[in-house]
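Notes follow once the structure below has been shown.
The values are calculated or read from the model by the stated rules, or taken from the named source; none is laboratory data. Source: prediction; values computed, not measured. All Cβ positions, even for glycine, are placed from backbone atoms using ideal geometry, and neighbour counts span all protein chains on display. Only protein heavy atoms, including side chains, enter the accessible area calculation; ligands, DNA and RNA are left aside. Shrake-Rupley method; radii C 1.70, N 1.55, O 1.52, S 1.80 Å.
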Amino acid sequence: MSRIASMGAILYLVMDMIIHWGVFKHLREKIEANSVIVLTALLLDAVILTAFVWVKISSDLFVVGVSFVFILLIFIGERFFLKRTA
């Protein structure tokens, strides 16, 4: 169960960082988001993700590897889907 929770934490943090970057890059003016808050959240997510992955690499490299594979598969799937529907 802890492996699944660790993978979920890694995937969630990556997703959260992507959402923050999308808000900063594409929606900032439209929704009147404060750039400092969005970039601070992005930075804090990056710090937490880095620390968590560092700990997991030293204790359970398999979880980090599987999470990385899932991230790649999701990006490839999204790219394929967006090219096909656009």
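Taken over region 48-57, the criterion of being β-branched (Val, Ile, Thr) and loosely packed, with under 14 Cβ neighbours inside 10 Å is satisfied by Thr50, Val55, Ile57.
In the condition set (1) of a type in the set (A, V, I, L, M); (2) over 17 Å from the mean Cα position of the chain (by Cα); (3) surrounded by 10 or more Cβ atoms within 10 Å (Cβ to Cβ), Met15 is compliant with all but (2). In summary, Asp60 fulfils each of the numbered conditions (1) surrounded by 12 or more Cβ atoms within 10 Å (Cβ to Cβ); (2) over 13 Å from the mean Cα position of the chain (by Cα); (3) modelled with pLDDT of 95 or more with the single exception of condition (3).
Confirm whether Phe75 is surrounded by 13 or more Cβ atoms within 10 Å (Cβ to Cβ), free of Cβ contacts under 8 Å to residues at least 60 places away in the same chain and not aliphatic (A, V, I, L, M). Judged against the criteria, Phe75 is not a match.
Only residues that are open to solvent by less than 90 Å² (accessible area, probe 1.4 Å) and more than 22 Å from Ile71 (Cα to Cα) were counted in region 18-38, giving 6. In region 44-64, the residues that are within 13 Å of Arg3 (Cα to Cα) and touching a residue at least 24 places away in the same chain (Cβ under 8 Å) reach residues that are assigned to a helix (DSSP H, G or I) and open to solvent by 30 Å² or more (accessible area, probe 1.4 Å) with C-beta atoms within less than 7 angstrom, at least six apart or across chains, in these pairs: Phe52/Ala9; Asp60/Arg3; Val63/Arg3; Val63/Met7; Val63/Lys56; Val64/Val53; Val64/Lys56; Val64/Ile57.
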